[in-house]
Structures are given as structure tokens and as C-alpha cells.
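Contents: one structure, followed by commentary.
The values are calculated or read from the model by the stated rules, or taken from the named source; none is laboratory data. Computed from a predicted structure; not experimentally measured. Quick reminder, even Gly has a Cβ in these numbers, built from the backbone with ideal geometry, and neighbours come from all protein chains shown.
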Ligand code: SF4
């Protein structure tokens, strides 16, 4: 070997070994640190989970939860198997509540506005200063004898916190405490008040029914108490008895509709007439069980007349009527395709009448009214409306407004001019821990805890025809410098002084809550059974997640006076058909609900169950309609109503009427954190400002739209590749007769 | 051409050697700790039982790094003039935890509970070696899967070869 080559080998060897050494070094994990406790907390063993029972507050259903906490961190939320509402289930929204707790966009400290309103420029202040500033404002109002000019607007709170908030407002000398939110289903409650005498939603016993006729109730995804109904639905279909049948009446096939045996896409706005035509057919055929009160009214809704209005063949109406009356028990529920119109109360009453005619009220597998046996249920006050607030603000009758939980700037149509009204309010405070669209208008922000950090209670409405009282308990210590919502009211009362402080004397909300439960305990003898006094009861209730009693059967007498609210006409849609050819159906999306879920990334990346779309808004258009407009999937279109315009990509959806388009609600935020902001479009913006004058519920299905091709822009991101099988035999089918033959062979 | 291949082979062999030299001789088996803590003095000379400081070993997945209060429990009085103890005291005064360097590290995909092993009567020494004689703690086991399994085999652990026993 030449000397030269030898040196070369040495060189190459050296470089190789060096490279190997470096790779060995970098591929090793960096020296991790072991950080001990300074002083170990007594009740924590690292690595061992503690489970706390609480309640999910992400919607009004009130599902019981069990939260897994490790080393003081909430890791996972599960359904509480012992809780009568959800029996162990939990929806996607509830699962994501940990992401609300640890959300990077939470407001972590009290803030004071720096820039002009809506600019989002805030400076951090101390709690002391925040409370003093707000109290000083209220004291000034009081001293000028303008107490009535103080308004409190919250999400539909219930239980003890609702009582405390109410006490605060009335002790201050104001009567202006209102609840606001989409999907409060106040039309349904009002219809029940006028037919059955209680302003609440009854327990729909889906579990035990054999024929379920749902008018657009998407009960397996968002409607009223989805986890409870899904559980019941599973039992109805695959429980011990005979399999129940589901018929879904709605213009746009929802997740629930996709599960149905039959889909009846009646013309939007005429579903209530269909319900009445079915009821009338039952009467005419002599199948009615209880029709005395309605014979006269119903005779106006003959199946043969209604068929063409509703776009449902006479034969089909008659077949449904016979099946509904003959199958025992049967149940009709008034979902959004009867109650979300401007005559929604009329629609919900129509369904109540149908139930009564078929004899479904107060029976197992039918409509089971809920009693308010604990004397602490959510009281729906139909007078508390957003329109009252808007007109008061416009008339300079609001000087100070406190907002919590509700986000009306996002959930009210632009036509309501809410933002303009808010600009006339001299002082706005928000108790939200998120910078939502309404909070962005606030002058001062006093952030409250999320539900995993706070105390509270819940009396679910609808219940399950049994008394249920659940406790919300803090499962972790506060992550940021936020305060318990109740404590904010209590400390504010102290700071305002006078008779407000005299009325609200509890040292903190935890004590206030406990005292309130002590009262409940002493009033309800059933609660005392098997306990050794209140403390024992309280500890047991905290462990279980609350207290619930045995179910009780309630009946209701139906009042014929409800008939006065029947309009007997199809619901009106704004916009001329010639200019605006399509009905617009904005619907609650499984994950985002009314938009509250949009700031949680798990929900953004959760594919929509029907379309598989993620991270955006889309518009569902029937493939035939799209073809006639020359549109294909993913094309950006403008959706234009007489009140405004939004744009979204097209999703071709065979499960929608050709004369209807649907857009999910929830996206299109201009604030609300990094995951929600600037994504998709909000269909509520282009709705007319329509509110039921009796119930105050917003009419969502109320306008027509036109579709025009838009600029290219947002992409449609979805999981599914194609809706076709391409001969791959993914879904195997057999005909019913063949199935029966096969079954016989097996047996 | 032949030469080129030869170069590549030599380079390759050198690379592998370099890697192993690093892995075997430069791995931090006994990293320098923020406090010069001696297990020999504590567990050896003074015979303090392991679980006096590693308090969770019998109850949890983790054995527990001794909390600073536990150190100060004794060292408020004992050896307060030693500079190392004064370091401990200064962490305590600042209310800061001591940032120990991890010696035994398992990847996230391994579920290893101390509790099950301690309760089954496996001596700490089995995996951590003769700690009582170590002035500075040193890693004595590879913690590789084969090493775990050989013990599971020897002790005839029920379901001890099931993937799901350790990879959950
Ligand atoms: S339905 Fe979902 S969001 Fe509503 S309370 Fe139950 S788990 Fe929470």
C-alpha cells in the first residue's frame, strides 16, 4: 500500500468514526429532569388518578361526568354511569371540556379596555381594581336613581347560580335579568305550557316507544338532551323488545334522519300541517283515543288537501296515520322542522295534538311530563328576550350591562343591529374567560372559572320523569387568575354595599351553594332517607355526582285552549321565490352547536358525521340542483339572502330537497381564539331578525336564498373520498323477504 | 472503482465503531447531579430504607422523587455545615425544587408500574443495582425489552409475555 493511500484510509476512517459518534450523541434523548415536589400535597399520589363526579355544562342537557385527575391536572372527562341523564355516555362537546379548561386563548386575568371598543386592546388589572371599577359604576347608577338601567344578560343558567344572579339584580333594584342563547327550545316549552300547563320539556320516552315520528329532531347529535336520547334510541332499536321504527320528517337529512327507517322530506314550513293532517286522518279513520277537543279544529286539515301543500303523497300520510295510531306505544316529537319557524309554537302544539289524539300523553313509551318536584327547576321566563334588550339599549335605557356565557353578537342576525345597540351602552362588563364576539365589546372583563374549576348545581330540564339534582364541583384548582362566577357576584355585592350587600351575605359561593342544598334537603324528605343528616347526605351526593330519586309517572290534561295558537298556514320565508329560489336551513352542527365549540381544536378536527368535513363551513346542495347551476363539489359559492351574503364551498348532498340548501352553524367567528377566528362563515348573519313574540325564540328557518358562483377561496377539507361504492360491496344488503327466509334457515 | 468501494467499506466500519464508542462509553450512566448526593451514605452507611424517601413506590406507577421537605426534615439539623447540604437548604429557602437529572428513563410507549413490582416482592436491587454502595447513582440495567422479558420468563410472570402487559 502506498503511503498516500494509507493516509487516505486514515482520513476516511476518522471522518466516518466522527460522524458515527455524533449520530450516537444526537440520537440519545436529552437528559430529562426529575422535578420533585417541594412539599407533597397530602391527597395526591403521583401516577394515581383521582376521579371526581361533576356535571358537563357545555350544553343545557346536564350530563353527569366523572373527571380523571392526575397530579392536580384534569386529564379526561367521562360520562358518569350512575347518572340518570346520560348513563355513562358523553358527547363530543363534553369530551372536549378539558380543552376549554386548558385553552391557550383563555382570558387569564381581569382586563380593562385600552383602545377603542371592539379593537381588542386590553390592559391587565388586578381583581381588586376590576371589582372596584365595576362597583363604582353600579354605585353611581344607584345614586342617580337609575338602578333600572342595569341589565344582566347570561346564558340560560339554572339552579343556585341563577338564583344568586337574580338576587343580585333585584337587590340592586333592577328587574332586567335575561337569558339568551340559540336552541333554548322556548317554543317547545311555550307549546307545552299552553297544552299541558307546564313550561318545560317533558321526558320523551324514546327507549320504550315502538314508533317514533320525529319532526326534524336531531336527537342523536344536538337536540335538547342528545346523550340521553341516543341511549334510549339504542335500546329502542336493539333492546330486549321488538325493534322500534323511526320516521324522520325534515327537509335535510340529519344524523338522526340517516338512521331512520323512513325519511319524509316535506316542504320546509309545512311540517306542522303534515302533523295535523296525520292527526285528522287518525280521527277520520276512527282510530283516535282522545280526540274530543280537537275534532272540529282538525277537520280543516284533510290529508288530501294537505298532500300537495306539504309535498307528501296522500297515501303516505294515511299510511303514517294508521301506523302511528295502531303501533303501541308511539311517540311524536317536535324538533326543529316544526318549531324553528316563525310560527314554531303552532308547530309544536300541532305535534302535541297528534300525540294526544293517538293517546300518547302520560304513558310509558310516550310523552311523560316532568314534575318540578324539587322546587328548583329551570324557570323559563318567556319575557326575557334579546329584542327587549336591543330596544332598551337603543332607547338609552341601559347604562351598565353585564354579560356572561351568552354570545349574542355571534348568535343574532346582523339585521337585529345588536352591535349598534351595544355601542349606545356606556359601560359593558363581561365575566367570560374567552374573548368571544360579545366580550370583545366589553370595557372591563372579570373572567370567571370554567366549569371544571367552579362550584354549581344543575336540575336538568328535561328530566327523565324522575327528580334529578346534580352537583358541579371543582376538580382542579384554578389554572389562571380567574374567579368562581358565584364569588364574583358575592364580592361585587360586598363592594357595592348597601342593601345589595345586606341581601347577599354568604362568605363565598361554595357556602351559598351548600346552604341552598341544605334547604333542598330539608324540604325533600326523600333525600334524607338512608343518610345521617345533611353533612352525610352532602358528602354522598358529592361522591355520586348528585342525588336522584325513583321515577314517577305523571299525567297531564291537555287544554283545548292551545288551539288558539295554531296558525294553520305554512311558515313564511323572507325573499321572493323568483329572486331567492332556495329555502335556507341553518342547523346546529354536532360539534360546534351554536358556535361555542369552535374554539376547541378537538371539535374542529372532528369530521362532521354526515359530510366528514373538518375545520370549516360548507353548504349542502342537492346534486341535481348543483348540476342545474353548473356547480361541482368544492366550488365556492355565495349564499345570498335579502339580509346579507356569506360564502362557503359546495358539498353535494343527496339527503336534501332540491329546493333547499343547508349550512351548519358554528363557524365564522371574528374573535374567540386562534382555533375559531377567521374560519368559515356564520349563516345566522344573513337571517332576518325574527323572534317569536310569545316565547322569544329566534326563528332560524326563515329566509330564502340564492346561490351564485363565488370567488375561489376556502378549500373543502373532508375525510371521505367518495360516497360511491364503485362495486366494492362495502355495504352488503338483503331484501326483507330474503332476510326472513335466512333467519328461518338459521333458526 | 475498486478503491472507491474499499473507501466506502472502511468509512462504514469506522462509522459503526464511532457510534458504539459513543453509545457504550459516553452514555450518561452516572450523570452529574445538581447536588452531590450519595446513596452510599444514606442507604449504605445509615441504612435508610428505600421507601423512606421514594414514598410512592408501593402505591403508584412512579416511585417518587424525594420531595425537598423530606430532605430538609433531617438536614435542618444534620450536617448543616456541609456545602452540599447548604445547597439543598438554598433550594428550600428559594422554594424551588431540585432539578435532578434522570438516570433511568423509559420511552413513553412502555407502561412500567413500580407498584406491581414492589408488591410482587422484586427487590429494588434487581433493577437498580447495589445502590447502597454507589456514591453517585449509576444506571446498571439496559432497560431494553429483552432484559425485561428475561426476568418475566425467569419469574414465570402471568401474562408476562403479552404485548398489552407493558404496551397499553
Ligand atoms: S349533551 Fe354533550 S354538551 Fe350537553 S351536557 Fe351532555 S355531554 Fe355535555
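The table for this structure:
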quantity: Only listed residue being over 20 Å from residue A:701 (Cα atoms) and out of contact with any helix residue (DSSP H, G or I) (no Cβ under 8 Å at 6 or more places or on another chain), chosen from A:634, A:597; calculated: A:634
quantity: Any hit, the stretch A:705-720, residues being crowded, with 24+ Cβ neighbours inside 10 Å and part of a loop (DSSP other than H, G, I, E, B); calculated: no
quantity: Residue among A:226, A:202 that alone is more than 16 Å from the ligand (Cβ to nearest atom) and buried (at least 23 other Cβ atoms within 10 Å of the Cβ); calculated: A:202
quantity: Cβ-Cβ under 6 Å pairs, at least 6 apart or on other chains, the stretch A:83-97 side away from every other protein chain (no Cβ under 14 Å) and within 10 Å of residue A:470 (Cβ to Cβ), far side more than 7 Å from the ligand (Cβ to nearest atom) and in a loop (DSSP other than H, G, I, E, B); calculated: A:83/A:545; A:84/A:464; A:85/A:460
quantity: Any hit, the stretch B:84-92, residues being within 27 Å of residue B:130 (Cβ to Cβ), in contact with a strand residue (DSSP E or B) (Cβ under 8 Å, 6 or more places away or on another chain), more than 8 Å from every other protein chain (Cβ to nearest Cβ) and in contact (Cβ under 8 Å) with a residue 40 or more places away in the chain; calculated: no
quantity: Any chance residue A:135 is touching a residue at least 60 places away in the same chain (Cβ under 8 Å), more than 23 Å from residue A:470 (Cα to Cα), away from chain B (no Cβ under 14 Å) and away from the ligand (no atom under 16 Å from the Cβ); calculated: yes
quantity: Residue list for the stretch B:117-154, restricted to those being exposed (fewer than 14 other Cβ atoms within 10 Å of the Cβ), without any contact (Cβ under 8 Å) to a residue 40 or more places away in the chain and part of a helix (DSSP H, G or I); calculated: B:125, B:126, B:145, B:146, B:147, B:150, B:153, B:154
quantity: Residue A:75 within 14 Å of another protein chain (Cβ to nearest Cβ) and either away from the ligand (no atom under 16 Å from the Cβ) or touching a strand residue (DSSP E or B) at 6+ places or on another chain (Cβ under 9 Å) (or both); calculated: yes
quantity: Exclusive hit being away from the ligand (no atom under 16 Å from the Cβ) and out of contact with any helix residue (DSSP H, G or I) (no Cβ under 6 Å at 6 or more places or on another chain), set A:106, A:68; calculated: A:106
quantity: Verdict on residue A:665 being under 21 Å from residue A:608 (Cα atoms) and within 22 Å of the chain's Cα centre (by Cα); calculated: yes
quantity: Number of the condition not met by residue A:59 [criteria: (1) at pLDDT 95 or above; (2) within 12 Å of the ligand (Cβ to nearest atom)]; calculated: (1)
quantity: Residues satisfying the stated conditions in the stretch A:103-114, i.e. in contact with a strand residue (DSSP E or B) (Cβ under 8 Å, 6 or more places away or on another chain) and part of a loop (DSSP other than H, G, I, E, B); calculated: A:103, A:105, A:107, A:109, A:110, A:114
quantity: Residue under evaluation residue A:518, criteria (1) assigned to a loop (DSSP other than H, G, I, E, B); (2) closer than 25 Å to residue A:547 by Cβ, criterion not met; calculated: (1)
quantity: Unique match (being surrounded by 18 or more Cβ atoms within 10 Å (Cβ to Cβ) and within 30 Å of residue A:368 (Cα to Cα)) among A:469, A:493; calculated: A:469
quantity: Filter result (at pLDDT 80 or above and within 7 Å of another protein chain (Cβ to nearest Cβ)) within the stretch B:12-23; calculated: B:12, B:14, B:15, B:16, B:17
quantity: Selection status of residue B:60, at the interface with chain A (Cβ under 8 Å from one of its Cβ atoms) and touching a helix residue (DSSP H, G or I) at 6+ places or on another chain (Cβ under 9 Å); calculated: yes
quantity: Test: residue in the stretch A:26-47 that is part of a helix (DSSP H, G or I), within 14 Å of chain B (Cβ to nearest Cβ), more than 28 Å from residue B:54 (Cβ to Cβ) and more than 20 Å from the chain's Cα centre (by Cα); calculated: yes
quantity: Cβ-Cβ under 8 Å pairs, at least 6 apart or on other chains, the stretch A:52-71 side within 14 Å of another protein chain (Cβ to nearest Cβ), far side at pLDDT below 95 and within 6 Å of the ligand (Cβ to nearest atom); calculated: none
quantity: Some residue of the stretch A:78-96 being more than 16 Å from the ligand (Cβ to nearest atom) and on the phi < 0 side of the Ramachandran plot; calculated: no
quantity: Index of the failed condition, residue A:319 passing every other in (1) buried (at least 19 other Cβ atoms within 10 Å of the Cβ); (2) outside any loop (DSSP other than H, G, I, E, B); calculated: (1)
